[in-house]
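Q: Encoded as C-alpha cells, here's the structure I'll be asking about.
The values are calculated or read from the model by the stated rules, or taken from the named source; none is laboratory data. In this text, all values refer to a predicted model and were calculated from it rather than measured experimentally. Don't worry about glycine lacking a Cβ; one is built from the backbone with ideal geometry, like all the others, and counts go over all protein chains shown.
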Amino acid sequence: MTRPMTRRRLIGGLGSVGLGALAAPSLIRSAYAQDKTLNIWSYSGFITDDFRQEFEEATGIRLNIRLVSDQGEQYNLMVSEGGSHSADIVCVAGHRFYQFVDAGLLEPIDLDRLPSWSEVEEEYAVAEWVSRRGQIWGVPLVVVSSGLIYNSNEMEAPESLAVMFDPANAGKTTYQIQDFFPLVMNYLGYDGSARSYAHDHAIAQRAVDATRDFLIDHKDKVRRYYDAATEVQQMLVNGDVRIAAGSSGPAAQLILDGFPAGYTIPREGGLAYAYGFNIAANAANLDNAYTFLNALLSSAENGAGIVRSTGYNSAIKGAEALLTDAERSVLTLSSEERARLSWVDVETAAFIFDLIDTAAEEIRAA
C-alpha cells in the first residue's frame, strides 16, 4: 500500500542549521537601515524552516517567501512589474540567466558585499554559467542533473530514452516539456545543447521543429505533463506512472523516503545545471538581501539541510561531509553516468530555449 507523499514526509528529519556568521555585527548592522523585511521568490526547500527561524531571530529581518515552480512564469511576472519588483531576491536557473539578465531584471552580484562567496565550492564559483558580460549574476545553491526516474518494482533501470516512447509504457510516462526537450533532441540525433547551431539558427529551428513533431506524434505515451517536482513524485507514489523524465532531487527524496524508485542517466545523456538566488534589479531591501545571502552561504549545516529538503547536491563547501552514508549513496551517480552529463551552455541557451518555449506551447496545444 502506498502512502500519499506529503511535504512533511519529504522534508522531515532536517538537522538544525547553524548561523554562526550572523554573530558578526558587520553582516547585520547595515540591514537595520532598511525595512525589516526581505521579499523572496524561492523554490520549495531552498530555505529550510530551521534556517528561516534562526535568521529571523538573529537579524530581526522577516522573510516573506513566495514559492515558485516555473522559470517562465517567474520571468513573465517580473517583466509585468515594469521595474518595480515585488521581490528582492528571485531564484533563476543557471541556464536561464541570459533571459533575466538581458531583460534588465537582475542586479549583478557585488562580491565586496558578499564575503561568504568563498564558501561556494570553487568549481561552481568559477563556472561559466554564473557570469555573463563579465559580471556575476547569481549565487549558486544547488546542482541538478536530469535523467530518468522509474519505479524499480515495475521495471529494470532503463538504458535508453526509448522507454519513454515504448507503446508498452503508453499512459505511464510523464515529463516537463522544456526540461525533457533537449534530451529528446539528443535521442533523435540532434544537438540538445545547441552548441553546434550557435552560428546557424536556421538549423537549430529545423532540429527543434523535428523534435516538436516527434513529441506530438507520441503524446499518447504521456499520462500528463507536469510543472512542479511534487507532481511527478505524487504520480509515481500513486502508481499513475512508472517512469518519468525528471531531475535528481525528486528521485533522491523518493528513495530516502523508502519508495522503490531508481534514477539513471540514459546513454543519450542528461543535462546538468544549477539553481541559486539572484538579486532583483532595483531591489528595495538590498542591504537585507546581502545579509541573507551571506548567512545562507556561511553554514555547511545549512547546505546539508538544503540537500535533505530538496534532494539536490549542495554548492556550499562542507555540506557533503555532513550527510549520512545513505544520503551520499542516493545522491551519487556512477562515473559512467556522470560522463553522460553535459552542462547547459549559457550562451547558446540564449536562443535555443526561446525556440523550445515556443515548441512547448505548440505541443500542449496539439
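Q: Given the options V126, V130, name the one that is out of contact with any Pro (no Cβ under 9 Å at 6 or more places or on another chain) and of a type in the set (A, V, I, L, M, F, W, C).
A: Details: V130 fails: out of contact with any Pro (no Cβ under 9 Å at 6 or more places or on another chain).
On inspection, the qualifying residue turns out to be V126.
Q: Across the range 202-211, what is the total count of residues that are over 26 Å from the mean Cα position of the chain (by Cα) and buried (at least 21 other Cβ atoms within 10 Å of the Cβ)?
A: Adding up the residues that qualify gives 0.
Q: Only one of A162, A168 is of a type outside the set (D, E), within 30 Å of D257 (Cβ to Cβ) and without any contact (Cβ under 8 Å) to a residue 12 or more places away in the chain. Can you tell me which?
A: Details: A162 fails: without any contact (Cβ under 8 Å) to a residue 12 or more places away in the chain.
Going through A162, A168 in turn, the sole match is A168.
Q: Given the criteria in a helix (DSSP H, G or I), out of contact with any helix residue (DSSP H, G or I) (no Cβ under 7 Å at 6 or more places or on another chain) and assigned by TED's automatic domain parsing to the domain that holds E337, does A252 qualify? Spell out the reasoning first.
A: Details: in a helix (DSSP H, G or I): yes; out of contact with any helix residue (DSSP H, G or I) (no Cβ under 7 Å at 6 or more places or on another chain): no; assigned by TED's automatic domain parsing to the domain that holds E337: yes.
Taking the combined requirement at face value, the residue does not satisfy it.
Q: Would you be able to say whether some residue in the range 212-228 is in a loop (DSSP other than H, G, I, E, B) and more than 24 Å from the chain's Cα centre (by Cα)?
A: Narrowing the range 212-228 to residues in a loop (DSSP other than H, G, I, E, B): 218, 226-228.
Next, from what is left, pick out any that are more than 24 Å from the chain's Cα centre (by Cα): 218.
For the range 212-228, residues in a loop (DSSP other than H, G, I, E, B) and more than 24 Å from the chain's Cα centre (by Cα): present.
Matching residues to (1) farther than 25 Å from Y175 by Cα; (2) crowded, with 20+ Cβ neighbours inside 10 Å; (3) of a type outside the set (S, T, N, Q):
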position	(1), (2), (3)
L293	yes, yes, yes
I306	no, yes, yes
G318	yes, no, yes
D325	yes, no, yes
T332	no, no, no
A339	no, no, yes
I352	no, yes, yes
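Q: Can you find, within the range 262-278, the residue that is nearest to L331 (Cα to Cα) among those that are surrounded by 23 or more Cβ atoms within 10 Å (Cβ to Cβ) and either at pLDDT 95 or above or β-branched (V, I, T) (or both)?
A: Only one residue fits best here, namely I265.
Q: Report, by residue number, each residue of the range 150-192 that is assigned to a strand (DSSP E or B) and touching a Leu at 6+ places or on another chain (Cβ under 7 Å). Full working, then the answer.
A: Within the range 150-192, the first condition is being assigned to a strand (DSSP E or B), and the residues that meet it are 150-151, 173-175.
Matches in the range 150-192: N151 only.
Q: Kindly indicate which of E337, E362 is among the acidic types (D, E), under 29 Å from D213 (Cα atoms), in a helix (DSSP H, G or I) and modelled with pLDDT of 90 or more. Walk me through it before giving the result.
A: On the way: E337 fails: modelled with pLDDT of 90 or more.
That would be E362, the only listed residue that is among the acidic types (D, E), under 29 Å from D213 (Cα atoms), in a helix (DSSP H, G or I) and modelled with pLDDT of 90 or more.
Residue by residue, here is whether (1) of a type in the set (A, V, I, L, M); (2) surrounded by fewer than 17 Cβ atoms within 10 Å (Cβ to Cβ) holds:
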{"site": "G147", "(1), (2)": "no, no"}
{"site": "A157", "(1), (2)": "yes, yes"}
{"site": "T174", "(1), (2)": "no, no"}
{"site": "P182", "(1), (2)": "no, no"}
{"site": "N186", "(1), (2)": "no, no"}
{"site": "G189", "(1), (2)": "no, yes"}
{"site": "D200", "(1), (2)": "no, yes"}
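Q: Could you tell me which residue of the range 41-65 is farthest from G311 (Cα to Cα), considering only residues that are assigned to a strand (DSSP E or B) and within 16 Å of the chain's Cα centre (by Cα)? Steps first, answer last, please.
A: Here is the first cut: in the range 41-65, the residues assigned to a strand (DSSP E or B) are 41-42, 62-65.
Okay, now just the ones that are also within 16 Å of the chain's Cα centre (by Cα), so 41-42.
On the way: W41: 19, S42: 16 Å.
The selected residue is W41.
Q: Right, next: Which one of S131, S86, S118 is surrounded by fewer than 22 Cβ atoms within 10 Å (Cβ to Cβ), under 23 Å from L296 (Cβ atoms) and modelled with pLDDT under 95?
A: Working: S86 fails: modelled with pLDDT under 95; S118 fails: modelled with pLDDT under 95.
Checking each option against the conditions leaves just S131.
Q: Looking at A272 and the list (1) assigned to a loop (DSSP other than H, G, I, E, B); (2) under 30 Å from A202 (Cα atoms); (3) in contact with a strand residue (DSSP E or B) (Cβ under 8 Å, 6 or more places away or on another chain), which single condition is not satisfied?
A: Condition (1) is where A272 drops out.
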